[in-house]
Amino acid sequence: MSPPVWFSCYYHLLFTCLCFFLINCDAFSSTEVYALYSFKERIYEDPLMALHNWDSVNTDPCNWSGVSCSVTHDRVFKLNISGSLLKGFLAPELGLLSSLKKLILNGNKLTGSIPKEIGGLKYLRVLDLGMNQFMGSIPSELGSLRRLVKLNLESNQLTGMLPKELSQLKHLKELQLGRNMFVGSVLDGKNITLFQLKTADFSYNFFNGSIPKCFDYLPRSSFQGNCFQIKDIVQRPLIQCGVPISSIENEDVYISSSSRPKWLLVLEIVTATIVSFVFFVAILRTVRGCRSKSSVVVIPWKKPTSDCEILKDVKRFSRQELEDACEEFSNIIGSSSESIVYKGTMKGTLEEIAVVSVSIEDDQWTGFRELCFQREVADLARLDHENVGKLIGYCREIDTSFSRMLVFEYASNGTLYEYLHCGDGCQLSWSRRMKIVLGIARGLKYLHGEIDPPFAISDLNSNVVYLTDDFSPKLVDFENWKSIVSTSEKKKKSSSRFSGIVSNSLETRRRHVGVNENVYSFGSLLLEIISGRHQYCPVKGLLVDWASEFLEMPEVMSYVVDPEVKHFRYEDVEVICEVVSLCIHRSRMVSMEKICEMLESRIVVNSTKNSPLAWAELAVLSN
């Protein structure tokens with residue numbers, strides 16, 4: 001018996017729809033695939049393997065980690081790769097994900113500028129780029145994200161004034177801009193009323209002027225750590241505020257001479273002429289006086305120290321010397337987008353060295369970058385502490401081949417990261433871990449408070465802590481090239497008239513913000529040292545977040561201690577809990593001097609190499 005005609009038609013229609021759906025599933029937009037691949041290509045370091053399955057073998061991008069697609073599997077709706085410690089740059093091609101609703105890259109180490117192409121994502125509702133290392137200003141194109149509900153850019157290195165186009169985001173509910181280097185006013189009070197913000201954070205920038213009255217409902221802590229002239233909110237010292245960069249970078253803030261009274265302009269010209277004449281006469285008399293005297297009287301003012309004077313004790317190596325020491329630059333022990341690190345042994349002395357070579361092409365090495373290189377050498381040359389890696393030389397050559405290198409002393413036991421996470425954790429007894437903790441604290445105390453100006457480690461983590469043969473830590477910052485690149489980019493945007501002011505001001509602020517970030521990173525590093533855990537894991541998330549519930553209860557913190565550690569002191573765990581709590585609560589602004597004092601007064605470490613206790617510890621570890 002044959003089926004009815006209507007049944008056959010229904011079956012045929014159902015089969016046609018199913019085939020259409022299956023075809024649609026396989027027809028993933030090639031543009032979207034290209035955008036995702038471009039994002040991966042600009043990531044040069046993926047320590048937690050967050051992008052491990054982003055490859056051509058797995059043809060469906062909807063199955064890639066962090067990617068969420070539409071029901072028809074032809075469009076990307078959400079890209080969420082947070083807390084993965086990715087190092088790299090944000091690809092402009094992400095602007096091709098035309099249906100993207102959420103872009104969440106919080107808690108990585110992405111750098112460079114925020115691409116203006118992001119402003120083309122007209123369906124975007126959440127843009128979360130917080131806790132990265134983005135530089136430059138906020139692109140005005142973000143004002144085109146009319147559907148945006150959440151914008152998080154906190155804890156980066158962003159600069160400049162807030163673009164007025166942000167006032168066009170009428171649906172914005174959450175705005176997080178704290179912990180950057182923004183200047184100027186907090187947008188225009190007239191336009192800001194267009195926001196329906198529920199939460200906002202402008203803290204720890206360099207904002208000045210007044211706070212718009214429409215923000216009276218926000219907590220006062222949202223505006224602390226700036227340059228507002230308000231007594232009831234903790235603000236920055238006046239010496240840190242200085243001359244706002246906005247008045248240098250933005251021509252529209254200058255007061256034109258045509259808008260000023262003519263009599264004032266005439267008075268200024270006359271005054272300037274008189275002062276110039278008096279100054280010229282004074283110089284002429286001084287020159288004549290010097291010629292008539294056989295001796296020179298030196299006024300006992302503070303003598304300025306030039307870069308040449310600082311570098312007089314720093315050895316200058318030739319490229320050939322370093323090439324021979326590093327086995328023709330084949331012994332690579334680290335790399336980034338800005339530099340390559342080699343290990344070498346000096347001929348004759350057999351001294352082990354670490355050589356950092358800049359990865360910038362000769363034709364891209366400008367005169368300003370050369371100036372920045374010399375300043376970095378001078379900055380590193382002044383560091384002298386047992387827990388800070390010593391700069392012992394540098395290389396500058398252009399005759400045979402372009403070379404810019406720094407030469408550091410090498411710590412023979414490698415990095416702290418290798419011992420904690422690469423199978424050598426059993427060699428780090430509790431006593432050794434406490435010794436490392438104290439050494440790092442002393443090194444940071446020296447860098448932050450015992451030299452002027454202070455020095456900040458650009459990215460404080462277990463990879464920049466090198467260990468000597470007796471497990472003493474040394475902080476070695478191999479990421480200084482980032483400051484050269486970023487400062488050079490800022491130089492291009494600045495007029496030559498004010499370039500010196502901008503460069504010095506940016507450097508001062510970068511160091512100041514870096515000091516605060518070092519304190520936070522030190523708290524996170526303490527947790528990593530005592531637990532042996534990574535800073536982030538897919539299951540438990542960020543280590544700081546996971547451990548925060550235990551910090552107020554030291555009696556249960558023993559569960560956080562690394563299982564490789566057989567014995568530990570409860571008193572040490574208790575003080576570490578207190579220090580971590582101080583460090584990770586940014587609003588408390590604790591100094592490394594205070595932290596170091598707490599640790600040194602309550603943690604006891606037997607530092608004598610040849611003591612019976614030390615030999616007993618080695619014997620236990622060898623069994």
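The values are calculated or read from the model by the stated rules, or taken from the named source; none is laboratory data. Here the structure is a predicted model, which means the values were calculated and not measured. Cβ placement follows ideal geometry from the backbone for every residue including glycine, while neighbour counts extend to all protein chains displayed. Calculation scope for accessible area: heavy atoms of the full protein, side chains included, ligands and nucleic acids excluded. Shrake-Rupley method; radii C 1.70, N 1.55, O 1.52, S 1.80 Å.
Data table
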item: Cα centroid of the range 74-123 to Cα centroid of the range 343-379, whole Å; result: 33 Å
item: Among 88-98, 355-365, the order from most to least packed when residues are scored by Cβ within 10 Å on average; result: 88-98, 355-365
item: Distance between modelled label sites at Asp232 and Val556, nm, 7 Å Cα→Cβ extension; result: 3.8 nm
item: Lys390 long-range amide H proximity, modeled H, under 5 Å; result: Glu409
item: Ser401-Asn53 FRET efficiency (beta carbon distance; Förster radius 41 Å; 0.05 resolution); result: 0.55
item: Where N is the number of residues in the range 75-151, Cα Rg divided by 2.2 N^0.38 Å; result: 1.00
item: Rough spin-label spacing in nm, given labels placed 7 Å along Cα→Cβ, for Thr271 and Gln196; result: 5.2 nm
item: Probe 1.4 Å - accessible area at His448, Å² to nearest ten; result: 30 Å²
item: Theoretical gain in end-to-end length, Glu352 to Val604 [0.36 nm per residue, Cα-Cα removed]; result: 87.6 nm
